[in-house]
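The structure under discussion appears below in the form of structure tokens.
Here, each number is a calculation from the coordinates, and none is a lab measurement. The structure displayed is predicted, hence computed values, not measured ones. No Cβ is skipped: glycine too gets one built from the backbone with ideal geometry, and neighbour counts run over all protein chains shown.
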Amino acid sequence: MTDVHPEENLVKNLRSAVDGPVLLPGDDGFPRAARPWNLAVDQPVAAVVHAEDAGDIAALVRYARTHGLSVATQPSGHGATGDVAGVILLRTGRLGELRVDPDARTARVGAGVTWGQVQAVAGAHGLTGLPGSSPVVSVAGYTLGGGLSWFGRKHGWAADSVTAFEVVDAEGHRARVTADSDAELFWALRGGGGDFAIVTAIEFGLHPAPALYGGRMLWPADHAPDVLAAFHDITAGAPDELTVWADLLHFPGSAPVIAVDATYLGDPAGARALLRPLDEIGTPISDSRTAMPVADLGTITAEPTTPGPGLARGELLTELTDTAIKALLAAPIQPLLTVQIRHLGGALARPSDSPHGPLTEPYALYLFGVPTAPATATAIRARQDDLTADLAPHLGDRKPFTCLAPGETTAAAFTPEALTRLRAIKRSRDPHGVFRSNFPVLAPEPDRASASEPRP
């Protein structure tokens, strides 16, 4: 291999290797092109390439392999960790193919397509994919991490619905990967991250959604004990069609509140009956629950649709006992913005031939704050540490890949057996380390690492 990252090589050869725009440090627009969704993460990349199509990606991979470079793929940068010093950042946002076959209940989407785009098309046919809470997250990145959906309790991991991947391998060859054509790579891509190939398109099954009821109820924080007790009772016997999340919220300049977010794949009357305990907690500040199209899922939590800074931590809860609820409510969540509890279970707890396998823990815990200053960032991390320490007896041993945060590793997501299998696939399919996932299954090779370190 040649010496890595000589700038003259990048300037002279990279632009001639691909058709899409190439931005280098010092170019107008480079800082914006290189930034991830989470503005608290730095990405000290050597170049940014906006691929025109799958052929462009194949050419980039061949170039990178020839010159001893690594490529990190990001449609939008959700899930970025900053572990990209000196690599080529590949943006796949221009791969916008979106086809829905309502009769076969299938979709085929390019690597740049978002869940909001899929839901708008599928919903018109009474169908749904398996999206999360944000409509601006890419289908490809989300699915490579497994994909925890609003409808996961009914239909499992989003990756479980995938039937085929179109990829570029580490030698720059294009291939179609299915369970029959390449069982090992297909398994790894269904939740093992982006370390094994660059996905250019995904084909997956859609699911019936003739009716959907959903929305948010909001109360002052002093109702939190009653709300969490009702949340526990509802989730203890919830059918798979019902998904309920509880959110402790404290927005700057406002009083703390508690919210319950819900979706129900069914008619409003059935949903209201299942959620009746919430109606007995006094008058809420607001209640947006209603029959809704699947394309409007993002309105429930109304997450930001533009980049911003954040510090997140995810865990799994093995139980939500009175003791656990008391630990959650023992002190204000400040300086955190939200402490969210997502009900899991249902199909997510059933067998899954994916790297993570079944999610046997019944709840996911998500702790999030906005680091407006270095001191705030320190305080947010301290509050996250304190809360997880208080909840330690109730936390699981693993967490989903999609819940990993910067500084964590894949060892926190997979069993030793699954991680060993993933590492073997990585060594076999990408022995030269051309691909760099947000969370690599193997540590980067010493000759590929830059001397500069990303800011945490």
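Restricting attention to segment 7-93, close to 20% of DSSP beta bridges with both partner residues there are antiparallel.
Coupling constants for segment 402-415 follow from the phi torsions by the Karplus curve (6.51 cos²θ - 1.76 cosθ + 1.60, θ = phi - 60°), and in residue order they are 5, 9, 5, 10, x, x, 8, 10, 5, 5, 7, 9, 10, 5 Hz; glycine and proline get x.
Under the convention that each Lys and Arg Cβ holds +1 and each Asp and Glu Cβ holds -1, the size of the dipole of the chain around its Cα centre is about 360 debye. Dipole magnitude for segment 90-151: about 160 debye, using +1 per Lys or Arg Cβ and -1 per Asp or Glu Cβ, origin at the Cα centre.
In the chain, Cα pairs under 8 Å separated by at least six residues give a relative contact order of 18 percent. In terms of its alpha-carbon gyration tensor, segment 209-315 comes out oblate; a/c meets the 1.5 threshold, while b/c is at least as large as a/b.
Work through the residues other than F151 whose Cβ is under 12 Å from its Cβ and net out their charges, Lys, Arg +1 and Asp, Glu -1.
In short, -1.
Separation of segment 15-54 and segment 118-156, taken as the distance between their Cα centroids, equals 27 angstrom.
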